[in-house]
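Undergrad: Below is the structure I would like to discuss, written out as C-alpha cells.
Bear in mind that the values in this text are calculations on the coordinates, not laboratory data. If you're wondering where the values come from, they're calculated on a predicted model, not measured in any experiment. When we count neighbours, we look across all protein chains shown, and the Cβ atoms used for this are built from the backbone with ideal geometry, even at glycine.
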Amino acid sequence: MKKTVIFLIFLLMFTHPSYALEDLAPNAKSAFLMEASTGKVIYEKNSEEKLYPASMTKMMSLILVYEAINKQQLKLDEFITISENAASMGGSQIFLQPNEQMSVSDLLKAICISSANDAMVALAEKISGSVSEFVDQMNDLSKEMGLVNTNFINTTGLHDDNHYSCAKDMGMIAKKLLEVGKEDLLKITSTYEDYVRQNTENPFWLVNTNKLVKYGEGVDGLKTGFTSEALSCITVTAKKDHIRLISVVMKEPDSKTRNKEVMEMLQVGFSRLTYQSIYKKNDIYIDHYFEFGLPHQTQLYFMSDVGIVLNKDEKANVKDMIYTQTKKELPLEKNEKIGEVKIMFDNNTEYIVDVGVSDKIEKMSFLDMMCMTFWRVLT
C-alpha cells in the first residue's frame with residue numbers, strides 16, 4: 001500500500017506539473033505561467049479568480065489594433081486627428097491635445113512603452129468609430145477566445161467594478177497578442193526609451209513602465225498595470241533558447257515584489273523545459289507542380305524554424321503533416337508565402353508553419369496554354 005501511494009504521488013508530480021511546484025509568487029493574489037507556442041501551463045495560482053487587470057487591459061485593445069493593421073484597415077504611417085474625448089483621458093498619458101495629429105506608429109509607441117490612455121482611446125475611436133463600439137469588439141473577441149472570467153468596460157483599464165479579468169485570461173490574451181503583433185509588437189515593447197513628437201518643438205520622452213525589458217534576461221514585453229484597486233500587476237514575456245514563456249502576476253503589493261516574483265517564475269519555467277528542433281528555416285518541404293504556372297515546378301520550403309517545446313524528460317516524433325494552400329492565384333513572387341503546414345506530433349501537440357515558394361512563378365498566357373494543350377495531344 002505504501003509503495004502504491006508513493007507511486008501515485010510521483011505520477012501526479014509529472015502529469016500535473018502546474019500544481020506540483022511550490023508557491024512561486026507568494027505575495028501575488030494570483031499567478032499564471034505558460035509556454036507561448038503550445039499554451040502548455042507550467043504553473044498557476046488562483047489563476048481563474050476575477051481581479052482588476054488595470055492597464056494590462058490594453059493587451060486586448062492592442063490585439064484589435066494589430067488585427068486592423070494586418071488587414072490593412074490601419075496604416076502605421078497614417079495620421080489620426082485627436083478628439084476631445086481622447087485628449088481628456090486621465091492616468092498615464094502623453095498629453096494629446098484636441099485636433100492634434102499623430103501617426104499610428106507614434107500612438108502605438110505611446111501605448112506599448114508608457115501605457116498612454118489618451119493614445120489608446122485615439123486608436124480605438126479610429127478603428128471602431130467610438131470607444132463603446134471598440135469595447136464591444138473587445139468583449140466579443142473575449143467570448144470567441146473562451147475567456148469566461150473577463151469583462152471589459154473600457155479600453156484602458158481605468159478602474160470600474162465591472163471591469164475584470166484573471167491571470168489565466170491575461171495569459172491567453174498575451175498569447176493571442178504575440179500571434180497577431182509578432183516581431184513588430186516586440187520591437188516596440190522591448191524598447192526601454194523613445195520619443196513621440198520627436199521632430200517638433202514639443203518632443204515627449206517615453207520610458208517603459210516595464211523595467212524588466214532592461215534588467216530581465218530575455219524579457220522583451222509585455223504590459224504592466226497599476227491602480228489602487230488592482231495594485232501592481234504585470235504580464236511578461238521572455239525568450240531563451242527558442243523557448244518563449246508568458247508569466248502573469250496580479251495584485252502584488254508593489255512593483256519591486258512584482259518584478260522579483262514574475263522573474264522567478266520565468267526562471268523556473270525555463271529550467272523545466274527543453275526545445276527539440278524538427279526542421280530548420282529554409283528546409284525543403286516538398287516539390288510542387290503548377291499546371292498553369294511557369295516554371296511548372298518549384299520547391300516549397302519552411303519559412304521559419306520548426307520545433308517543439310517539451311518537459312526535459314520528454315521526446316516527440318512527427319505523426320502527420322497536412323498542407324493547406326492559402327494562395328492559389330498566380331503569379332507568385334520568389335519567397336512569397338503560398339500555404340501552411342500543420343505538423344502533428346505523437347504527444348497530441350500541433351505546430352503550424354508557413355511555407356514559401358523557392359522561385360518566381362508566372363501565370364501562363366493564353367498562347368502558352370494553347371501550346372501546352374497542343375503538345376499534350378501530340379504526345
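Undergrad: If you wrap a convex hull around the alpha carbons of region 38-138, what volume per residue comes out, as a whole number of Å³?
TA: Measuring per residue, one finds 127 Å³ for the Cα hull of region 38-138.
Undergrad: Do me a favour and compute the ellipsoid semi-axes for region 280-368 from its Cα gyration tensor, root of five times each eigenvalue, largest one first, whole Å.
TA: Working from the Cα gyration tensor, I get semi-axes of 32, 11, 9 Å.
Undergrad: Another question, if that's okay. Once amide H atoms are placed 1.01 Å from N in the peptide plane, what residues at a sequence separation of 5 or more from Leu74, or on another chain, have their amide H within under 5 Å of its amide H?
TA: Those lying under 5 Å, H to H, from Leu74 are Ile69.
Undergrad: A further question follows. How large is ³J(HN,Hα), in whole Hz, for each residue of region 107-114 in order, when computed from phi with the Karplus curve 6.51 cos²θ - 1.76 cosθ + 1.60 and θ = phi - 60°, using x for Gly and Pro?
TA: Taking θ as phi minus 60°, the curve returns 5, 4, 4, 5, 6, 6, 8, 10 Hz for region 107-114.
Undergrad: Any idea what the dipole of region 280-368 comes to, in debye rounded to 20, about its Cα centre with Lys/Arg Cβ at +1 and Asp/Glu Cβ at -1?
TA: Values: 12 positive and 17 negative charges, 29 e Å.
I would put it at about 140 debye.
Undergrad: By how many nm would the segment from Asn151 to Asp359 grow when fully extended, if each residue of separation counts as 0.36 nm and the alpha-carbon distance is taken off? Spell out each step's value before the answer.
TA: Details: separation 208, 0.36 × 208 = 74.88 nm, distance 4.80 nm.
That pair, Asn151 and Asp359, stretches by 70.1 nm at full extension.
Undergrad: To continue, here is another question. Over the chain, what is the relative contact order in whole percent, taking alpha-carbon pairs under 8 Å and six or more residues apart?
TA: Numbers: 769 pairs, mean separation 55.7, N = 379.
Across the chain, relative contact order equals 15 percent.
Undergrad: Taking square-rooted eigenvalues a ≥ b ≥ c of the alpha carbon gyration tensor, is region 21-65 rounded, prolate or oblate, where a/c under 1.5 means rounded and, failing that, a/b exceeding b/c means prolate? Provide the component values of the computation, followed by the final result.
TA: On the way: a/c = 2.91, a/b = 1.37, b/c = 2.13.
Taking the square roots of the gyration eigenvalues as a ≥ b ≥ c, region 21-65 is oblate.
Undergrad: Turning to a different aspect of this structure: Can you list the lysines whose alpha carbon is less than 25 Å from that of Lys315, not counting same-chain residues fewer than 8 positions off?
TA: Excluding near neighbours in sequence, the set is Lys40, Lys175, Lys239, Lys240, Lys280, Lys281, Lys342.
Undergrad: Per residue of region 65-71, what does 6.51 cos²θ - 1.76 cosθ + 1.60 with θ = phi - 60° give for ³J(HN,Hα)? Whole Hz please, x for Gly and Pro, Karplus curve as stated.
TA: Those phi angles translate into 5, 5, 5, 5, 5, 5, 8 Hz.
Undergrad: How large is the charge dipole for the chain, taken about the Cα centre, if only the Cβ atoms of Lys, Arg (+1) and Asp, Glu (-1) carry charge, to the nearest 20 debye? Display every interim value, and only then the final one.
TA: Numbers: 42 positive and 52 negative charges, 218 e Å.
With only Lys, Arg, Asp and Glu charged at Cβ, the dipole is about 1040 debye.
Undergrad: Can you work out the Karplus-derived ³J(HN,Hα) for every residue in region 26-40? Use 6.51 cos²θ - 1.76 cosθ + 1.60 with θ = phi - 60°, whole Hz, and x for glycine or proline.
TA: Here the 3J(HN,Hα) series is x, 8, 7, 6, 8, 7, 7, 9, 9, 8, 6, 6, 9, x, 4 Hz.
Undergrad: Right, next: Among Phe226, Leu158, Ile284, whose Cα sits farthest toward the positive end of the charge dipole of the chain (+1 at Cβ of Lys/Arg, -1 at Cβ of Asp/Glu, about the Cα centre)?
TA: After comparing all options, I get Ile284.
Undergrad: Residue farthest toward the positive end of the dipole of region 280-368, with Cβ of Lys/Arg at +1 and Asp/Glu at -1: which of Leu332, Thr349, Val309?
TA: Val309
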